[in-house]
Amino acid sequence: MDTDATGWRFAQCFGDKGEVEDITEADIISTVEFDSTGNYLATGDKGGRVVLFERNDQKKGCEYKFYTEFQSHEPEFDYLKSLEIEEKINKIRWCKRQNAAHFLLSTNDKTIKLWKVFEKSLRVVSESNMMEGQRSVPPPQLRQHLRLPRMALQDNIIAAVPRKVYSNAHAYHIHSIAVNSDQETYISADDLRINLWNLNISDQSFNIVDIKPANMEELTEVITAAEFHPTQCNVFMYSSSKSNIKLADMRDSALCDRHAKLFEEEEDPTNRSFFSEIISSISDVKFSHDGRYILSRDYLSLKIWDVNMESRPVKTIQIHDHLRGKLCDLYENDCIFDKFECTWSGDDKNVLTGSYHNYLRIFDVETLNDVVLQADKSAFKAKKVGGPLPGNKPLGGAGAKNGMRQGLKDAMQLDTLDFNKKILHASWHPRENTIAIAATNNLFLYSAA
């Protein structure tokens, strides 16, 4: 992949492109996910809607067009606990395609649904004993004049139906779902438990991790993310708010509380502060596609772990270390609790994560060379009028070295960062250098040559 300023270009933007200051809460994108082929892309929003996009083969390059949209979840009320259950989609995961239909899992805080999305033919009666096209005809008087009704194709529509609804299995909010490589089972995780499901059985799940203490006052950590191994169907991992990642093997025992491996880096006591525990909490973990490495994201950094080395990460990448001096302010405005996702490129050579002011960073795993992009509305405006993209102007002298986007890199360090604009959710095309970025209520697509 080209990791210079000419390598990445803005491709598309979906969503309201106007200068909207008061964005509708329901339109904010809360998850984005490519399917295993990269031909389809799904987004979920805070209004409980799922929108699917399809690869546009008529266009040169990797471009997408609207495919279908459906209401996945509705707001509910738990009368037993007097709690409102939001319709917000927390995660979407595609199942591998087995036939002409698509299957995908979507979840809000409490209920997971398996959706079947398929093309459906609408047929209408075109000819009968009472009608000929749209015209009424007198009924036949003789038996030999009776005709069999004829059906004609009127239209093809994309239909979405919930095939299974998996509910009442989590006491706490579901934050992760992951489909197993066997395509028969999946896990769902909340703050204290991980459940294993069979895709075909909606009324029964197996609790495989339970970290809830007998006395809730003794609670010291919560589960923050969970993911299946890409090829070994018995191995999964889950991360914790205590800055560790546990690898578990379902062959060991039915309850996987005793982990097989624990990935944890000892904290430097000199760096300890009031915020240490908050900023070291892991917000996302991902296996590399070959299963050899683990990518984890905490508030300030990305870490790459070798599955065979538990004591420390092989690489630590600072994302926005300049915010270390602003932790007090970030605590006051709750931004310190933001959960940034991370993702591998399809070839595992690059990693991607987001930051504030709609900045995102792509790192080369080997050299740690990075590209800074900004999912900003000026990107498609510049494309429309043929002007330069923001931060794309080559600077003279040292700034032009390697053609890096030094302008954007420097801008990231400024005090003028808008903490309301943040890239929390992103997905990387499994076979190409195309990334999908959720920026508030817009979906941005960038491609590399």
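Within the stretch 28-107, the ratio Rg/Rh, alpha carbon atoms throughout and Rh by Kirkwood, equals 1.08.
Using a probe of 1.4 angstrom and keeping all protein chains present, the accessible surface of the chain works out to 50 square angstrom per residue.
Approximating the spin labels as points 7 Å out from Cα along Cα→Cβ, the D290-to-E277 distance works out to 3.9 nm. Scalar couplings 3J(HN,Hα) for the stretch 179-193, obtained by applying the Karplus form with A = 6.51, B = -1.76, C = 1.60 to θ = phi - 60°, are 7, 6, 5, 6, 6, 10, 10, 8, 10, 10, 10, 10, 4, 10, 9 Hz; x denotes Gly and Pro. Each Cα pair under 8 Å and six or more residues apart adds its sequence gap; the mean of these over the residue count of the chain is a relative contact order of 14 percent. Note on the stretch 141-215: semi-axes of the ellipsoid equivalent to its C-alpha gyration tensor, largest first and rounded to whole Å, are 50, 13, 12. Between the amide H of S281 and those of Y299, distances stay under 5 Å, these residues lying 5 or more places away or on another chain, with hydrogens modeled in the peptide plane. Could you state, as a whole-number percent, how many of the C-alpha pairs of the stretch 172-261 are farther apart than 21 Å? Of all Cα-Cα distances in the stretch 172-261, 25 percent exceed 21 Å. Between the stretch 97-152 and the stretch 309-348, the alpha-carbon centres lie 52 Å apart. Close amide-amide hydrogen proximity is noted between N180 and T185, Y186, I187, each under 5 Å apart and 5 or more residues distant or on a separate chain (H modeled in the peptide plane; Pro and chain starts excluded). Computed across the stretch 92-192, the Kirkwood radius stands at 17.5 Å (inverse of mean 1/r, all Cα pairs).
Whole-Hz Karplus values for the stretch 92-105 come out as 10, 9, 7, 8, 5, 6, 9, 8, 5, 8, 9, 10, 8, 9 Hz, taken residue by residue from phi with 6.51 cos²θ - 1.76 cosθ + 1.60 and θ = phi - 60°; glycine and proline positions read x.
When the charge dipole of the chain is built from unit charges on Cβ atoms (+1 for Lys and Arg, -1 for Asp and Glu) and taken about the Cα centre, the candidate among T31, H145, F103 whose Cα reaches farthest toward its positive end is H145. Summing Lys and Arg as +1 and Asp and Glu as -1 over all other residues whose Cβ lies under 10 Å from the Cβ of I319 gives a net charge of -1.
For the chain, the Cβ-based charge dipole about the Cα centre amounts to some 2020 debye (Lys, Arg positive; Asp, Glu negative; other atoms uncharged). For F77 and A152, FRET efficiency with R0 = 35 Å and r from the beta-carbon atoms, rounded to 0.05? Efficiency at R0 = 35 Å is approximately 0.15. Using a 1.4 Å probe and ignoring any ligands, DNA or RNA, find the accessible area of K164 and quote it in Å² to the nearest 10. Estimated to the nearest 10 Å², K164 gives 60 Å². Counted by Cβ distance under 15 Å from V161, the other residues give a net charge of +3, where Lys and Arg count +1 and Asp and Glu count -1.
Considering only A248, A439, A152, the mean-square fluctuation computed in a Gaussian network model of the chain, springs between alpha carbons under 10 angstrom, is largest for A152. Whole-Hz Karplus values for the stretch 223-236 come out as 7, 10, 6, 9, 8, 7, 5, x, 10, 9, 6, 9, 10, 9 Hz, taken residue by residue from phi with 6.51 cos²θ - 1.76 cosθ + 1.60 and θ = phi - 60°; glycine and proline positions read x. Shown here: the chain, whose C-alpha atoms stretch 99, 61, 41 Å along the first, second and third principal axes, sorted largest to smallest.
The values are calculated or read from the model by the stated rules, or taken from the named source; none is laboratory data. On a predicted model such as this, the values are computed, not experimentally measured, just so you know. Ideal geometry is used to build each Cβ from the backbone, glycine not excepted, and the neighbour counts take in all protein chains shown. These accessible areas exclude ligands, DNA and RNA; they are computed on the full protein's heavy atoms, side chains included. Shrake-Rupley method; radii C 1.70, N 1.55, O 1.52, S 1.80 Å.
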